[in-house]
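Before any comments, here is the structure.
The values are calculated or read from the model by the stated rules, or taken from the named source; none is laboratory data. Predicted, not measured: the structure shown is a model, and the values here were computed from it. A quick note on method: Cβ atoms are made from the backbone with ideal geometry, for glycine too, and the neighbour counts reach across all protein chains shown.
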There are 2 protein chains.
Amino acid sequence: MMASKQRSEAGETATRILDIGERLVQVRGFNGFSYADVASELAMTTAALHYHFPGKAELGRALIERYTQRFLDALEEIDARIPGAPDKLDAYAALYAGVLRGQRMCLCGMLAAEYQTLPDPMRDAVIAFIDANEAWVERVLSDGRQAGSIALPGSASDAARLIVSGLEGAMLVARPYGDLARFDTAAEGLLSGFRR
Amino acid sequence: MMASKQRSEAGETATRILDIGERLVQVRGFNGFSYADVASELAMTTAALHYHFPGKAELGRALIERYTQRFLDALEEIDARIPGAPDKLDAYAALYAGVLRGQRMCLCGMLAAEYQTLPDPMRDAVIAFIDANEAWVERVLSDGRQAGSIALPGSASDAARLIVSGLEGAMLVARPYGDLARFDTAAEGLLSGFRR
DNA sequence: GTCTATAGGCAGATAGAC
DNA sequence: GTCTATCTGCCTATAGAC
């Protein structure tokens, strides 16, 4: 029996399934991929997939939860590494740009489009992702206003929502054009208004 | 033989198919609905649908083209009815809000998410929709700058792209929350920066 | 953990009668 | 124009052997 390296460790195969599923959802959408797609990339059968994730809904939920956790970790890292609010926001936008560079949509932006067709547990997880993002941006904006580096016309909450939805929209539109500069320009336009 | 009321008139049934298909795509996505869904709403068989539209790809293309034409007509109407650039932009955002009020995503915003899975003719039509929107907003911004009612930090083209993608993102995120105010606040935040 | 085999359903699509 | 009937293929999922 191996000593586990850390808490709540997913199996090797489960991790590979999540990696492939994540990419497929971000590129094709939850309704645009199948267990067979994942299985063929792993050179396995769909039956084996069902051993690791009982159904597509459970796989979907696991995908969102891992993605959200990774995102939150990245936000923590930004908080630890970068002092000023404006630079934190730039780093935040760079996270999105990194996703787009892989020709992917934000996982939860994609699932927001498909929201009406998602099983309930997935819906809740999508909302939790957006809530967490807005809360982090709102905190950064509030701190920045306090420190005098951020100018807010209205509430920090409204500005945070504008930034999050604006970045999601910039990804959504840039991807069909395959044009990263489109995203960067929009992100800069979104954020520049809040710098003081 | 009936005298046709206008050029390029679609048949009654074809129009009903387009109406239902349009709603289904805006709510569930192109990969989230089937010919059977449309047929059941019309109390018809899928075979009859194939008489009007040879395949799902052709139906999809017709949906985008009709939607784009309607949108362009609405933009013409705004140009004719509303004088100032800032008010034109407000009316433009109100178009999006009207779509969202029906608990729908913008047809082409939805299809932008599913872009990688779309047949080529549909891809081209999605791009044409976005191009046309950006061109109209850019023209309004340029005219407004000329007239002194619009302030632009950079190019009118960049600002137009920011506005279009920002409104699409605001719809994308507001819909899962079922919260129209979320969209309105984001739209106001997006546009207010350009008023002088 | 992964396989074979298979179920049961739904997808888009076509042929041919009416 | 719309139907019945049917095809072929893919989908999610399960049973049971290894």
Which residues, counting only those in the stretch A:173-192, are of a type in the set (G, A, S) and surrounded by 17 or more Cβ atoms within 10 Å (Cβ to Cβ)? A:A174, A:A186, A:A187, A:G189
Residues of the stretch B:179-188 being more than 9 Å from chain A (Cβ to nearest Cβ) and not small (G, A, S), in sequence order, are B:D179, B:L180, B:D184
Identify the single condition in (1) under 30 Å from B:G102 (Cβ atoms); (2) modelled with pLDDT under 95 that A:G32 does not satisfy, given that it satisfies every other one. (2)
Just to check your reading of the model, which residue among A:S149, A:S165, A:S142 is crowded, with 16+ Cβ neighbours inside 10 Å, hydroxyl-bearing (S, T, Y) and under 17 Å from B:A170 (Cα atoms)? A:S165
From the residues in the stretch B:46-67 that are aliphatic (A, V, I, L, M) and within 14 Å of the chain's Cα centre (by Cα), which one is farthest from DNA strand C (Cβ to nearest atom)? B:I64
So, A:D124, is that one more than 7 Å from chain B (Cβ to nearest Cβ), of a type outside the set (A, V, I, L, M) and closer than 20 Å to B:L190 by Cα or not? no
Of the residues that make up the stretch B:33-45, is at least one aromatic (F, W, Y), more than 29 Å from A:L118 (Cα to Cα) and within 11 Å of DNA strand C (Cβ to nearest atom)? no
What pairs can you find where one residue is in the stretch B:149-178 and more than 7 Å from every other protein chain (Cβ to nearest Cβ) and under 16 Å from A:D158 (Cα atoms), the other is assigned to a loop (DSSP other than H, G, I, E, B) and aromatic (F, W, Y), and their Cβ atoms are less than 7 Å apart, with a gap of 6+ or different chains? none
State yes or no: is B:E58 more than 14 Å from chain A (Cβ to nearest Cβ), within 16 Å of DNA strand D (Cβ to nearest atom) and surrounded by fewer than 13 Cβ atoms within 10 Å (Cβ to Cβ)? no
Go through the residues of the stretch B:41-51 one by one and say whether even a single one is in contact (Cβ under 8 Å) with a residue 24 or more places away in the chain, within 23 Å of B:D120 (Cα to Cα), in contact with a Phe, Trp or Tyr (Cβ under 6 Å, 6 or more places away or on another chain) and part of a helix (DSSP H, G or I). yes
Of the candidates B:R16, B:R70, B:R23, the one satisfying the condition of being within 14 Å of chain A (Cβ to nearest Cβ), more than 12 Å from DNA strand C (Cβ to nearest atom) and at pLDDT 95 or above is B:R23
Restricting the search to the stretch B:98-121, which residues are in contact with a helix residue (DSSP H, G or I) (Cβ under 6 Å, 6 or more places away or on another chain), in contact (Cβ under 8 Å) with a residue 40 or more places away in the chain and either within 11 Å of chain A (Cβ to nearest Cβ) or closer than 17 Å to A:S165 by Cβ (or both)? B:L100, B:R104, B:M105, B:C106, B:C108, B:G109, B:M110, B:L111, B:A112, B:A113, B:E114, B:T117
Quick check on the stretch A:83-93. Is at least one of its residues within 14 Å of the chain's Cα centre (by Cα), within 14 Å of chain B (Cβ to nearest Cβ), more than 10 Å from DNA strand D (Cβ to nearest atom) and closer than 30 Å to A:R195 by Cβ? yes
Any chance A:A159 is buried (at least 17 other Cβ atoms within 10 Å of the Cβ), closer than 30 Å to B:R123 by Cβ and in contact with a Gly (Cβ under 8 Å, 6 or more places away or on another chain): no
Pairing a residue in the stretch B:66-94 that is within 17 Å of B:G189 (Cβ to Cβ) with any residue that is hydroxyl-bearing (S, T, Y), where Cβ atoms lie under 6 Å and the two sit 6 or more apart in sequence or on different chains, gives B:P86/B:S149
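Residue by residue, here is whether (1) closer than 18 Å to A:Q103 by Cβ; (2) surrounded by fewer than 20 Cβ atoms within 10 Å (Cβ to Cβ) holds:
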| site | (1), (2) |
| --- | --- |
| B:Y92 | no, no |
| B:R101 | no, yes |
| B:G109 | no, no |
| B:E114 | yes, no |
